[in-house]
1. Quick check on LEU43: is it more than 27 Å from GLU225 (Cα to Cα), at pLDDT 70 or above, part of a helix (DSSP H, G or I) and of a type outside the set (Gly, Ala, Ser)?
2. Among the listed residues ARG119, ARG171, which satisfies the condition of being at pLDDT below 90 and under 30 Å from SER383 (Cα atoms)?
3. Could you grab the pairs with beta carbons closer than 7 Å, sequence gap of 6+ or different chains, first residue in region 121-138 and more than 11 Å from MET106 (Cβ to Cβ), second one part of a helix (DSSP H, G or I) and among the polar types (S, T, N, Q)?
4. Collect the residues in region 165-200 that are of a type in the set (A, V, I, L, M), more than 23 Å from HIS237 (Cβ to Cβ) and touching a residue at least 24 places away in the same chain (Cβ under 8 Å), keeping them in residue-number order.
5. Could you please give the count of residues in region 394-417 that are open to solvent by 50 Å² or more (accessible area, probe 1.4 Å) and in contact with a Lys or Arg (Cβ under 7 Å, 6 or more places away or on another chain)?
6. Give me a count of the residues in region 324-357 that are among the small types (Gly, Ala, Ser) and either open to solvent by 30 Å² or more (accessible area, probe 1.4 Å) or under 16 Å from GLN368 (Cβ atoms) (or both).
7. Would you call GLU273 of a type in the set (D, E, K, R), open to solvent by less than 50 Å² (accessible area, probe 1.4 Å), within 22 Å of the chain's Cα centre (by Cα) and modelled with pLDDT of 95 or more?
8. Condition test on VAL111, is it modelled with pLDDT under 80, closer than 30 Å to ALA257 by Cβ, within 36 Å of the chain's Cα centre (by Cα) and of a type outside the set (Phe, Trp, Tyr)?
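The values are calculated or read from the model by the stated rules, or taken from the named source; none is laboratory data. It should be emphasised that the depicted structure is a prediction, and the values quoted were computed from it without experimental measurement. FYI the Cβ positions are ideal-geometry reconstructions off the backbone, even for glycines, and counts take in every protein chain you see. Just so you know, the surface numbers come from the protein's heavy atoms only, side chains and all, with ligands and any DNA or RNA stripped out. Shrake-Rupley method; radii C 1.70, N 1.55, O 1.52, S 1.80 Å.
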Amino acid sequence: MRRRRKKLRMTQAELAEGIISVPYLSLIENEKAMPRADVLEPLAQRLNCSVNNLLGVTDQETLRRAEGWIDQVRLALTYEGVGEAERIFQSLKELSFSIANPKILMQVDLVEIQLLIHRLELEESRTRLEMFKEQWPQLSDEYNLLAWYLRLQGNLYFYQDQHHKALIYYREAERILSSVTDDIEKAYIFGNLGRTYLHLSNSSLGILYTEKCIEIMQRKDRWLETCTMLNILGACHTRRGEHKDAIECFERVLRMADRFSVTETLTSQTYHELGICYFSLSDYDRSIQYLLKSLDVVKKEQLSRWEIGYTHKIICQNYIKKGDFEQARHHLELAMDHLQKRKQRLTDCYILLGQIHYAQGDISSFVQCYEKAIREYGRLGISEKAAQASRTLGKYMNDTGDRNQALSYLLQAVEHYQTLASSIDFPVELPPTPGDQPKDTASPQ
């Protein structure tokens, strides 16, 4: 009752007026009193629902419809874009007013939060996740939903490119998988672990978890998810330099696309990963061809802005390698325009812009871009990239004879690298010399 009242933005006084007292309504909402039928009917009428719904009873057909739409929203987010997912969710949201089953209502809330994360409304997502845990204290006993909740917490950090923090939540979800009965949720956890290890440059673990996900998805005849994970598996092989294995994964997806109704978005992802694979092989023309194809096979609204931006960023890197800096700048401008909400990837673009300035002889702008990137990486807590950029500037200054500036940048690099290294419990501080010992001002008694 309380949940429905809050959804309608109705106060206790507004609901109770002319029917019962506010204290009595409070007792009902806290399950400390059971109202009579002559009270239930006007309450249900004011809340625009049935008495059964008010009592927590939902017919099985409504529950099945809700479960079906929940699954459709989750699939649409991956394969048809946020717009289609939101269209389905609106129907689910309206149906939820007729549902009293707590498990279904928890899933509706989680789906809504998942939509917010995909739209990169991250502060609102964080707030909603905090509210969710407070609103549903029984979450700790619902392992399937707890795993989903933890996965969304991880996704929140993943979409901020804070992969180490995302990994903490995915690993926490992994620890309860022995109690999770939903195999698809297990597969999602394994898939997110594989994707995160890929971004953390641990491709071996990426392959391990991705293959676990693929095994479950194939067993459950979830071919769209299987294709997505084959793309991630191929990306892991690319990072390991196993280009033949990578291309086999991507070609397998394209063959499946010919046989099944694979969405344009998924095909786009495959061409994107093929483009990265050929970039790794230094086949820049073929890489650009596949990356452009990844944008051409879908309608613009089917890809998020950051996905479009990331593709243009990779195309820019290809043109830098080819020495075509005008084309590189053109695609970099498109990338930066689309990556405003993905701060790490936007900061990567400052580095690429600095490289273009350097190649074109604009040294002052090159240094400014790298310095801006170093500050942003530091603010974002991405120490490894901050260290690498500082080292590059230090080396450049040393090679050009500016030793003082070189030392400053190299010291910055050391500071950032130190945050990556584990501390060692070994004393290296110098002991005091006899001359440093404090002089006694009084004789001992």
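1. Numbers: more than 27 Å from GLU225 (Cα to Cα): yes; at pLDDT 70 or above: yes; part of a helix (DSSP H, G or I): yes; of a type outside the set (Gly, Ala, Ser): yes.
Yes: the conditions hold for LEU43.
2. Working: ARG171 fails: at pLDDT below 90.
Exactly one residue qualifies, and that residue is ARG119.
3. Between residues of region 121-138 that are more than 11 Å from MET106 (Cβ to Cβ) and residues that are part of a helix (DSSP H, G or I) and among the polar types (S, T, N, Q), the close pairs are LEU129/GLN153.
4. Keep residues of region 165-200 that are of a type in the set (A, V, I, L, M), which gives 166-168, 173, 176-177, 180, 184, 187, 189, 193, 198, 200.
Filter again for more than 23 Å from HIS237 (Cβ to Cβ), leaving 168, 173, 176-177, 180, 184.
Across region 165-200, the qualifying residues are ALA173, ILE176, LEU177, VAL180, ILE184.
5. 1
6. Pass one, region 324-357, residues among the small types (Gly, Ala, Ser): 328, 335, 354.
Still in the list and also either open to solvent by 30 Å² or more (accessible area, probe 1.4 Å) or under 16 Å from GLN368 (Cβ atoms) (or both): 354.
Within region 324-357, residues that are among the small types (Gly, Ala, Ser) and either open to solvent by 30 Å² or more (accessible area, probe 1.4 Å) or under 16 Å from GLN368 (Cβ atoms) (or both) number 1.
7. Judged against the criteria, GLU273 is a match.
8. Details: modelled with pLDDT under 80: no; closer than 30 Å to ALA257 by Cβ: yes; within 36 Å of the chain's Cα centre (by Cα): yes; of a type outside the set (Phe, Trp, Tyr): yes.
It is false that VAL111 is modelled with pLDDT under 80, closer than 30 Å to ALA257 by Cβ, within 36 Å of the chain's Cα centre (by Cα) and of a type outside the set (Phe, Trp, Tyr).
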